[in-house]
1. For residue 172, state whether it is open to solvent by less than 50 Å² (accessible area, probe 1.4 Å), in contact with an Asp or Glu (Cβ under 8 Å, 6 or more places away or on another chain) and of a type in the set (S, T, N, Q).
2. Suppose we filter the range 1-28 for residues that are in contact with a Gly (Cβ under 6 Å, 6 or more places away or on another chain) and in a helix (DSSP H, G or I); how many remain?
3. Could you list all residues from the range 68-97 that are surrounded by fewer than 18 Cβ atoms within 10 Å (Cβ to Cβ) and outside any helix (DSSP H, G or I)?
4. Taking the conditions exactly as written (within 16 Å of the ligand (Cβ to nearest atom) and over 18 Å from residue 111 (Cα atoms)), does residue 168 satisfy them or not?
5. Checking the conditions here, which among 248, 237, 262 is touching a residue at least 60 places away in the same chain (Cβ under 8 Å), of a type outside the set (Ser, Thr, Tyr) and farther than 30 Å from residue 409 by Cα?
6. May I ask you to list pairs of residues, at least six apart or on different chains, whose Cβ atoms are under 6 Å apart, with the first in the range 1-12 being open to solvent by less than 50 Å² (accessible area, probe 1.4 Å) and the second being not in a helix (DSSP H, G or I)?
7. Within the range 195-240, which residues are away from the ligand (no atom under 16 Å from the Cβ) and assigned to a strand (DSSP E or B)?
Amino acid sequence: MLTREQLAERDAGDALAPVRERFFIPPATIYLDGNSLGPMPRAVPAHVRNVIENQWGEDLITSWNRHDWVNMPKRLGEKLAPLLGAAPGQVAVADSTSVNLFKVLSAALAVRGQRSVVLSEAGNFPTDLYVAQGLVASCDCTLKLAATSDEVVAALDEDTAVLMLTQVDFRSGELHDIARVSEAAHEAGALVIWDLAHSAGAVPLQLDAWQVDLAIGCGYKYLNGGPGAPAFVYVNQAFQARFQPLLQGWFAHARPFDFDPQFVAADGIRRALCGTPPVLSMAALEVGLETFDGVEMAQVREKSLALTDSFMAVLQQECGDYGMQIVSPREPARRGSQVAVKHPDAYAAMQALIARGVIGDFRSPDIMRFGFAPLYIRFVDVWDAVATLQEIFATRSYDDPLYRARAEVT
Ligand SMILES: *Cc1c(COP(=O)(O)O)cnc(C)c1O
């Protein structure tokens, strides 16, 4: 039997506990959706206000040089690189994850030779599949989908140009072994693209050591960059000379301010850029990345697994009778930083939870998703969230029609 007191003791001994102070968490709120939108770091408003009032306001266009706005994509990329296990010069911050996927997949397909298959998973995040569907149609390639990690590896062959996967499944939270799967793909002669949307800032990554060719991910999830924050793109040093995305804009030009009518690709990671960086969004993301200052990803992972383990244990202990089914892997090595719980009334139950200050989200058709971001979630939050869930199911308060109306964003 776990008790709330035991969980409170874990908080007392938690080396990451003080990091919670870096965030604004609204009162009476347990925020279990930082995997979709990280909460606001307390330092964001003052920093963004400074960029608006003093830089944009006072220094106007001279800020591109004076405040080094022009190098924000590179500067933020270097700040992020250690979280990805990437040596300098391989990460840039730009555009959205969808757009960055278009860039890296088009660049991978440009060097495909006779190979014509992009291999992915049927359960991959839809935008990844949509971007791939558009690109394969433009070059007489096909998108082949397998159901599981093992089936993906088994489907690799001499036709596979690119293996494109998301490390942490957005629904179940299942975690791929990047090292193992990438090695199998490389043995089959394919390039690998990893989407790290639900990994960056939650799971320790070693992109260089794992010899990942290309990777992308979001700035607004565990990296706390704010709604619609720019995304990131990683291009392995070894692939950079061959990296030529279909989307080529002037920020990827060797000398943008020559205004040369002919495109000439820049060297290095700048090739992953397209146009003018969104400075205000970048400013918020820069502060988001700083919430990881002094934090080791190994600590983050240890706490993340402890949180998700406790959540599953307390859920079973307190809510065993309500027909909820945990669909996330029990095995720590196969689990990201979220727990997915299946129930036919998942949508209404999540609305009822949110109305009581426990914020998770719903993923169609029947999943309640709970994200555990170790920088600001406490062990007592695990207890209190489950206690709220227990109350909702014991009283069936989710039956209220108020909770059944579907909003546009779930
Ligand atoms: C959240 C998420 C995205 C989102 O892409 P955007 O372009 O930012 O909308 C893409 N891929 C995965 C795997 C995600 O989880």
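The values are calculated or read from the model by the stated rules, or taken from the named source; none is laboratory data. Everything numeric here is computed off the predicted structure, so don't read it as measured data. Cβ placement follows ideal geometry from the backbone for every residue including glycine, while neighbour counts extend to all protein chains displayed. Accessible surface areas use protein heavy atoms only, side chains included; no ligands, DNA or RNA. Shrake-Rupley method; radii C 1.70, N 1.55, O 1.52, S 1.80 Å.
1. It is false that residue 172 is open to solvent by less than 50 Å² (accessible area, probe 1.4 Å), in contact with an Asp or Glu (Cβ under 8 Å, 6 or more places away or on another chain) and of a type in the set (S, T, N, Q).
2. Adding up the residues that qualify gives 0.
3. Selection gives 68, 85, 87, 88, 89, 96.
4. Yes.
5. One residue alone meets the criteria, 237.
6. 11/378
7. Across the range 195-240, the qualifying residue is only 235.
Results for (1) on the phi < 0 side of the Ramachandran plot; (2) touching a His at 6+ places or on another chain (Cβ under 7 Å); (3) in the same structural domain as residue 275 (by TED's automatic domain parsing); (4) open to solvent by 20 Å² or more (accessible area, probe 1.4 Å), shown as yes or no for each residue.
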position: 99; (1), (2), (3), (4): yes, no, yes, yes
position: 102; (1), (2), (3), (4): yes, no, yes, yes
position: 118; (1), (2), (3), (4): yes, no, yes, no
position: 148; (1), (2), (3), (4): yes, no, yes, yes
position: 159; (1), (2), (3), (4): yes, no, yes, yes
position: 164; (1), (2), (3), (4): yes, no, yes, no
position: 201; (1), (2), (3), (4): no, no, yes, no
position: 206; (1), (2), (3), (4): yes, no, yes, yes
